[in-house]
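The values are calculated or read from the model by the stated rules, or taken from the named source; none is laboratory data. As the structure is a prediction and not an experimental result, all values here were calculated from the model. Backbone-built Cβ (ideal geometry, glycine too); neighbour counts: all protein chains shown.
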């Protein structure tokens, strides 16, 4: 699912303004290394990055990154406003999704529609002011706190990474010299060490630490430099990092985490993959499947003699429904509606549902949930007993989640329940997700979810919070008033 954190900018415009931008723009997918804007090249389009990561450099020093551009940012807007040629080159650092807007069409709209022009320029000025303020804040010390020096933390980080490498060398020697390869005892020792390293990294450079985000990023780059070669030996870790579907938690990554069957380049790659699958975030993903399957059974229990309508938004592999149908068969009274922007995810679900003879029980919808939440499109299904999304909203801003909830509110029958999953702020995998896998999410706690639900059409706090065993994933539940 493409992220669209620039929704904050769009919400400062009218719905008619937003509609014009969407209709005038064109979504494009680019692979790593694609040039988006060329230094001193005529600017024919400006862009909004929906998903992925871009890098900026000047042509004289192509190896030196001036900055990185994340989802929701404009690209080329300064040159457009000034009427000047771009002073730097922008390329895709990873596979990315962009909305391109022709500068000619935008210029004509700004000239012909004074009201739109006023709102657009005001919103763009506020966006650029927020950027400036955020960049300034990165360099402000936290008053009244003793801030550890980068050198001290770097030393601790270096020592821990050295221990990891020594352990890996032991694994290599054992794999090379023993006929039967790695022992189970040593493999478990390796996995346990990586699990402990994960917690230590979170304390050093995680969101709860005392360092600024800039300093954390600097140390995080050291972490990536040291550990990325090992991650690329794995199956799950390599896919999370390379993001072939445009984002880390795609359907196949999640499916492999559910399977929990280590694989990679040789026995050492499989060992490292086992360690990745043992991280807190992977355990939480596996745990949540059973939790949601339990909520499906809860919905059936509330109306045992009636057909039950259930929708999964950003469904991924939908294994929680697979587990339900495996237990209940085609006689299940659950009718499922699965929505995803990724056609491959829907094809994957279609394969297992056809294998189980569930064609009449499951329908699939290839739709963009961002557009649906903004009223651009329609999901034609009956009133729903349960609507859930377990791996989507932590990619999105609060403003989008409110709109998403309003969309869900319209899908539910009176008394129907919504369940939204989000990684909790206590996530001990956060540092390793942010800095090693570039799997950056918006973490939220209970009060965050209550605030979002109060701002939506549900107009009240969550009725219940559910947690998987590690309490890293929280699930906010609420019912539509009867």
### Query
What number of residues within the range 33-63 satisfy the criterion of being surrounded by 15 or more Cβ atoms within 10 Å (Cβ to Cβ) and touching a residue at least 40 places away in the same chain (Cβ under 8 Å)?
16
### Query
Among the residues of the range 240-249 satisfying the criterion of being closer than 12 Å to residue 436 by Cα and surrounded by fewer than 22 Cβ atoms within 10 Å (Cβ to Cβ), which is modelled with the lowest pLDDT?
248
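For every residue, the table says whether it meets (1) in contact (Cβ under 8 Å) with a residue 40 or more places away in the chain; (2) in contact with a strand residue (DSSP E or B) (Cβ under 8 Å, 6 or more places away or on another chain); (3) under 23 Å from residue 182 (Cα atoms).
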position	(1), (2), (3)
238	no, yes, yes
253	no, no, no
260	no, no, yes
284	yes, yes, no
289	no, no, no
299	yes, yes, no
310	yes, yes, no
313	yes, yes, no
319	yes, no, no
#### Entry: Verdict on residue 3 being buried (at least 17 other Cβ atoms within 10 Å of the Cβ), at pLDDT below 80, in a loop (DSSP other than H, G, I, E, B) and within 25 Å of the chain's Cα centre (by Cα)
yes
### Message
Quick check on the range 281-288. Is at least one of its residues within 22 Å of residue 341 (Cα to Cα) and part of a helix (DSSP H, G or I)?
### Response
yes
### Query
(1) in contact with a strand residue (DSSP E or B) (Cβ under 6 Å, 6 or more places away or on another chain); (2) over 21 Å from residue 94 (Cβ atoms): which one isn't true of residue 17, the others all being true?
(1)
### Task
Quick one: in the range 445-471, of everything that is surrounded by 19 or more Cβ atoms within 10 Å (Cβ to Cβ) and touching a strand residue (DSSP E or B) at 6+ places or on another chain (Cβ under 6 Å), which residue is nearest to residue 390 (Cα to Cα)?
449
### Task
Can you give me the number of residues within the range 257-273 that are in a helix (DSSP H, G or I) and crowded, with 22+ Cβ neighbours inside 10 Å?
4
### Query
Within the group 66, 54, which residue is out of contact with any helix residue (DSSP H, G or I) (no Cβ under 6 Å at 6 or more places or on another chain), within 30 Å of residue 203 (Cα to Cα), at pLDDT 85 or above and not assigned by TED's automatic domain parsing to the domain that holds residue 400?
54
